[in-house]
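Accompanying notes for the structure given below.
The values are calculated or read from the model by the stated rules, or taken from the named source; none is laboratory data. Everything numeric in this text was worked out from a predicted model, so none of it was measured. Every residue, glycine among them, receives a Cβ derived from its backbone with ideal geometry; neighbour counts consider all protein chains shown. Remember, those area values only see protein heavy atoms, side chains included, never the ligands or the DNA or RNA. Shrake-Rupley method; radii C 1.70, N 1.55, O 1.52, S 1.80 Å.
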Amino acid sequence: MGMSSKLQEEIARLEREALAASGHPLDETTQHKNPGYAQEYFEDYRNNLFGDMTEEHLVQYKRGEGKELLDEEKTPAKMKSIVSSSAMTFNLLGNGEIHAKDGNVFFTPGTYKIEYEKKLLTVRRGNKPAHLDAFLLNGMDAIFCEMKMVEWMRDDPKCQKLAYFEDKYYYFDNADGKDAIAAFKTLRDSLRINMQKYGTDNEYDPHRFEQYDAWQMYRHILGIYNMSSSAARGATAKREKGDVRLLPPLKTARLVNVVFEPPEDAFSDENVRREYHELQKKEHEEFDIFKRCVEESGLAAVFKKDCGFDFSLCLLSAADFMDCFDLGSRADYLQRYRLDKRAR
């Protein structure tokens with residue numbers, strides 16, 4: 001589907017206004033020196049953050065696969081963009097720890113330690129693990145975060161590599177993993193049936209949704225299982241190295257899509273508002289299909305049996321996600337990810 005240039009320009013304009021209102025303007029003193037990027041990129045990524053990043057988190061981002069801090073030959077580092085998902089992730093969560101409020105309806109209250117660019121092993125073929133934007137840990141309660149700013153509107157979902165459809169590449173292709181193999185196969189087959197009308201012709205499996213990146217979330221679910229289950233840990237433990245580590249014992253694991261979703265009335269242009277409405281509607285419809293497929297696959301019971309914890313899945317707007325946590329002094333700055341004109 002994809003977003004129009006008009007919608008992209010409108011979001012950039014709203015972001016610039018929110019940044020200026022918070023005292024962090026993208027202006028002639030801070031914008032990228034290349035005129036082609038000046039309206040959406042800072043020259044220094046640090047101007048795109050509410051404050052300094054600790055050395056620990058800086059190292060985590062440098063080890064990530066998304067080149068968030070690295071300028072390429074023709075494009076600036078991703079974190080310099082005012083619509084950067086990695087910048088949104090750090091700005092929402094901050095340094096070190098974050099506290100989930102008592103009474104929030106989505107997460108176990110308490111203080112969570114933050115790790116960015118969490119690596120999870122997925123299949124034996126290939127050497128690249130999946131990268132989660134953030135991993136939050138509060139005792140034995142974990143939140144796994146996949147953050148999207150404009151990608152869910154702008155980019156076509158990826159197709160799945162063929163290795164994910166062959167059991168022999170799974171870390172738990174053994175007697176102990178037979179229930180997990182069956183559940184992941186059920187999920188794959190169900191997703192492909194629901195994705196048929198959006199197929200593409202490429203070197204990967206051709207099935208995908210139009211809007212929601214379901215296969216990325218499939219890989220995250222698989223990675224969480226691999227790094228915690230009795231069926232896979234024997235194999236994945238052999239590949240522990242550096243920041244690729246098995247998960248600690250858990251009671252709950254919640255995988256959450258956090259999505260930048262300003263209210264429709266943030267957009268003054270009727271055509272832009274209508275386009276945004278349709279994109280958001282499609283994203284939520286496809287997420288609901290994905291969640292139903294996960295629930296019907298039997299994976300929750302497999303996680304409970306093989307990993308010992310309750311697994312769940314949800315999609316939240318950035319605003320709803322923020323409302324679950326104590327944001328401290330950066331609450332006003334984070335209005336850039338609400339765009340709802342509400343005082344917090």
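Got at least one residue in region 164-173 being under 30 Å from Ala100 (Cα atoms), buried (at least 19 other Cβ atoms within 10 Å of the Cβ), modelled with pLDDT of 95 or more and of a type outside the set (D, E, K, R)? No, region 164-173 contains no residue that is under 30 Å from Ala100 (Cα atoms), buried (at least 19 other Cβ atoms within 10 Å of the Cβ), modelled with pLDDT of 95 or more and of a type outside the set (D, E, K, R).
Can you find a residue in region 299-318 that is among the small types (Gly, Ala, Ser), under 17 Å from the mean Cα position of the chain (by Cα) and surrounded by fewer than 20 Cβ atoms within 10 Å (Cβ to Cβ)?
Taking every residue of region 299-318 in turn, at least one turns out to be among the small types (Gly, Ala, Ser), under 17 Å from the mean Cα position of the chain (by Cα) and surrounded by fewer than 20 Cβ atoms within 10 Å (Cβ to Cβ).
Scanning region 231-254 for residues that are assigned to a loop (DSSP other than H, G, I, E, B) and charged (D, E, K, R) yields Glu240, Asp243, Arg245, Lys251.
Residues in region 138-149 that are surrounded by fewer than 21 Cβ atoms within 10 Å (Cβ to Cβ) and either within 17 Å of the chain's Cα centre (by Cα) or not in a strand (DSSP E or B) (or both): Gly139, Met140.
Residues of region 1-49 that are under 21 Å from Glu73 (Cα atoms), small (Gly, Ala, Ser) and in contact with an Asp or Glu (Cβ under 9 Å, 6 or more places away or on another chain): Ala38 alone. Selection of first residues in region 258-279 that are in contact (Cβ under 8 Å) with a residue 24 or more places away in the chain and open to solvent by 10 Å² or more (accessible area, probe 1.4 Å) and of second residues that are polar (S, T, N, Q) and assigned to a loop (DSSP other than H, G, I, E, B), restricted to Cβ pairs under 9 Å at least 6 apart or on distinct chains, gives the following pairs, ordered by first then second residue: Asn271/Ser4; Glu275/Ser4.
Considering only residues of region 158-177 that are basic (Lys, Arg) and outside any helix (DSSP H, G or I), which is farthest from Met217 (Cα to Cα)? Ranking the candidates gives Lys161 first.
With respect to (1) within 26 Å of Ala318 (Cα to Cα); (2) in contact (Cβ under 8 Å) with a residue 24 or more places away in the chain; (3) surrounded by fewer than 21 Cβ atoms within 10 Å (Cβ to Cβ), the lone exception for Ser190 is condition (1).
Scanning region 95-104 for residues that are under 20 Å from Met147 (Cβ atoms) and surrounded by fewer than 21 Cβ atoms within 10 Å (Cβ to Cβ) turns up Asn95, Gly96, Glu97, His99, Ala100, Lys101, Asn104. With respect to (1) under 30 Å from Ala331 (Cβ atoms); (2) out of contact with any Gly (no Cβ under 7 Å at 6 or more places or on another chain); (3) open to solvent by 50 Å² or more (accessible area, probe 1.4 Å), the lone exception for Arg154 is condition (2).
Against the numbered list (1) surrounded by fewer than 20 Cβ atoms within 10 Å (Cβ to Cβ); (2) touching a residue at least 40 places away in the same chain (Cβ under 8 Å), Glu9 comes up short only at (2).
How about region 65-82: which of its residues are open to solvent by 20 Å² or more (accessible area, probe 1.4 Å) and touching a residue at least 60 places away in the same chain (Cβ under 8 Å)? Correct list: Glu65 only.
When residues of region 108-125 are filtered for being out of contact with any helix residue (DSSP H, G or I) (no Cβ under 7 Å at 6 or more places or on another chain) and either of a type in the set (Asp, Glu) or surrounded by fewer than 21 Cβ atoms within 10 Å (Cβ to Cβ) (or both), how many remain? Explain how you work it out, then say what you get.
Filtering region 108-125 down to residues out of contact with any helix residue (DSSP H, G or I) (no Cβ under 7 Å at 6 or more places or on another chain) leaves 108-113, 118-119.
In the following step, the residues that additionally are either of a type in the set (Asp, Glu) or surrounded by fewer than 21 Cβ atoms within 10 Å (Cβ to Cβ) (or both) were identified as 108-111, 113.
Looking only at that region, the number is 5.
Of all residues in region 63-107, exactly one satisfies the criterion of being modelled with pLDDT of 95 or more, basic (Lys, Arg) and part of a loop (DSSP other than H, G, I, E, B), namely Lys101.
Screening Lys161 on (1) open to solvent by 60 Å² or more (accessible area, probe 1.4 Å); (2) in contact with a helix residue (DSSP H, G or I) (Cβ under 6 Å, 6 or more places away or on another chain) shows it passes everything except condition (2).
Does Asn48 fit the bill of being at pLDDT 95 or above, over 18 Å from the mean Cα position of the chain (by Cα), under 28 Å from Arg219 (Cβ atoms) and surrounded by fewer than 16 Cβ atoms within 10 Å (Cβ to Cβ)?
Details: at pLDDT 95 or above: yes; over 18 Å from the mean Cα position of the chain (by Cα): yes; under 28 Å from Arg219 (Cβ atoms): yes; surrounded by fewer than 16 Cβ atoms within 10 Å (Cβ to Cβ): no.
Against the criterion (at pLDDT 95 or above, over 18 Å from the mean Cα position of the chain (by Cα), under 28 Å from Arg219 (Cβ atoms) and surrounded by fewer than 16 Cβ atoms within 10 Å (Cβ to Cβ)), Asn48 does not qualify.
In region 130-138 there is no residue that is at pLDDT 95 or above and over 21 Å from Ser228 (Cα atoms).
Looking at (1) part of a loop (DSSP other than H, G, I, E, B); (2) more than 20 Å from the chain's Cα centre (by Cα), find the lone condition where Tyr212 falls short. Unmet for Tyr212, out of (1) part of a loop (DSSP other than H, G, I, E, B); (2) more than 20 Å from the chain's Cα centre (by Cα): (2).
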